[in-house]
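Each value in this text was obtained by applying a stated rule to the coordinates, not by laboratory testing. Keep in mind it's a predicted model, so treat the numbers as computed, not measured. As a convention, Cβ positions derive from the backbone with ideal geometry for all residues, glycine included, and neighbour counts pool all protein chains shown.
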Amino acid sequence: MPELPEVEITARRLSTALAGAEVESALAPGMVALKSVEPPLGSLAGRRIGAVRRVGKMPVVDFELDEGFQATGDGAGSAEPLSLLVHLMSAGRLQVFEKRASLRDRTARVLIRLADGRELRLREFGTKQRAWAKLLRAGELDGDEMVATLGPEAWPAPPLEELARRLDQPRHLHPMLRDQRVIAGIGRSWVDEILWEAGLSPFKQGSELDGEEVERLHAALHLLGDAIDRYEQVIPEQVPDKLPMPLQVHRRAGEACPRCGATIQAIHFKDYVMCYCPEEQTGGRVLKDRRLSRLLK
């Protein structure tokens, strides 16, 4: 699933490529991809892309108006700036292509066709069709439920005191750091990296953290900025489907910990895997793998 660093570099590359491009038309082939009705997607015609940015793990495409713009067709009367809020879920990708997709392309969810022949395309791999987009009036974006309920951005890191206050809950760190209402931008990959960097157990409760442990966790958020810096060096103008994530522990079960050499362990859940170093994070204890526990029942 694209997380803060991956969405940030995607937004930067798209903004550079698309700023000023005029929209010719827009459509949503995905059956459930468009989660908004008003304003209609057709109201993007004639607008220009102002910028592409990020809110939490969600890209936002801002559409501006030229002086003298007149809305036509489905967008008549909608002469105001608009923003497209996109949630990529686990398999969505937002990319620009030189040629337009065929309407038979089963990965296409939302297509923004540009006057110069290019196309901004929300694609999704697999059959679940969970990725979505909402077209909103620019002034309504911050009030949308998906944005209004976000916690502070994980990068740049929030103030230490605010992070300490938000983590002071009787919840395990691993799911709590992935809760976008607590802190925005961290998902299943980077939470493993952050907890490893901080030397904290994924099952330690936030309310049990002492001051020094909160400071370590706060400092570990630098990994997100480091990843963005790395992506700036290696990601081309056309963002690939799969980014070379600079991960040290996530999905590296069985390998040696880069710091201490202990074997990285994993706990498998239904939809994801949690990786950790037992020597540095759990006092040398190897935690039970849920798969093995089910087999022994």
**Asked** In terms of modelled amide H atoms, which long-range or inter-chain residues lie less than 5 Å from the amide H of ALA51?
**Response** ASP62
**Request:** Subtract the Cα-Cα distance of ARG106 and ALA256 from 0.36 nm times their separation in residues, and report this length gain in nm to one decimal.
**Result:** 50.0 nm
**Prompt:** Residue by residue, what Karplus-based ³J(HN,Hα) values in Hz, rounded to whole numbers, does the stretch 221-226 have, using 6.51, -1.76 and 1.60 with θ = phi - 60° and x for Gly and Pro?
**Reply:** 5, 4, 4, 5, x, 4
**Under 18 Å from LYS242, Cα to Cα: lysines that are on another chain or at least 8 residues apart** = LYS57
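What is the packing order of peptides 201-212, 1-12, 267-278, taking the mean over residues of other C-beta atoms within 10 Å and listing the highest first?
Top to bottom by mean Cβ count within 10 Å: 1-12, 267-278, 201-212.
To the nearest 500 deg cm²/dmol, what mean residue ellipticity at 222 nm is calculated for the chain from DSSP H runs of n ≥ 4 alone, each contributing -39,500 (n - 2.57), summed and divided by the residues?
Working: 9 runs with 77 residues, N = 297.
It lands at -7000 deg cm²/dmol.
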**Prompt:** What is the packing order of peptides 163-171, 38-46, taking the mean over residues of other C-beta atoms within 10 Å and listing the highest first?
**Reply:** 38-46, 163-171
**Prompt:** Candidates (i) 7, 32, 39, 20, 2, 0; (ii) 6, 26, 30, 21, 12, 4, 1, 0; (iii) 6, 27, 36, 22, 7, 2, 0; which is the computed P(r) over Cα pairs in 10 Å bins from 0, in percent?
**Reply:** (ii)
**Phi to ³J(HN,Hα) by Karplus 6.51 cos²θ - 1.76 cosθ + 1.60 over the stretch 91-101, Hz, x for Gly, Pro** = 10, x, 9, 10, 9, 10, 10, 6, 10, 7, 6
**Asked** Treating the beta-carbon of each Lys and Arg as +1 and of each Asp and Glu as -1, no other charges, what is the dipole magnitude of the stretch 226-296 about its Cα centre, to the nearest 20 debye?
**Response** 620 debye
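First select every other residue whose beta carbon is under 10 angstrom from the beta carbon of LEU247; then total the charges, Lys and Arg +1, Asp and Glu -1. Please report the intermediate quantities before stating the final value.
Values: positive: ARG251, ARG252; negative: ASP192, GLU193.
Once all neighbours under 10 Å are counted, the net charge is 0.
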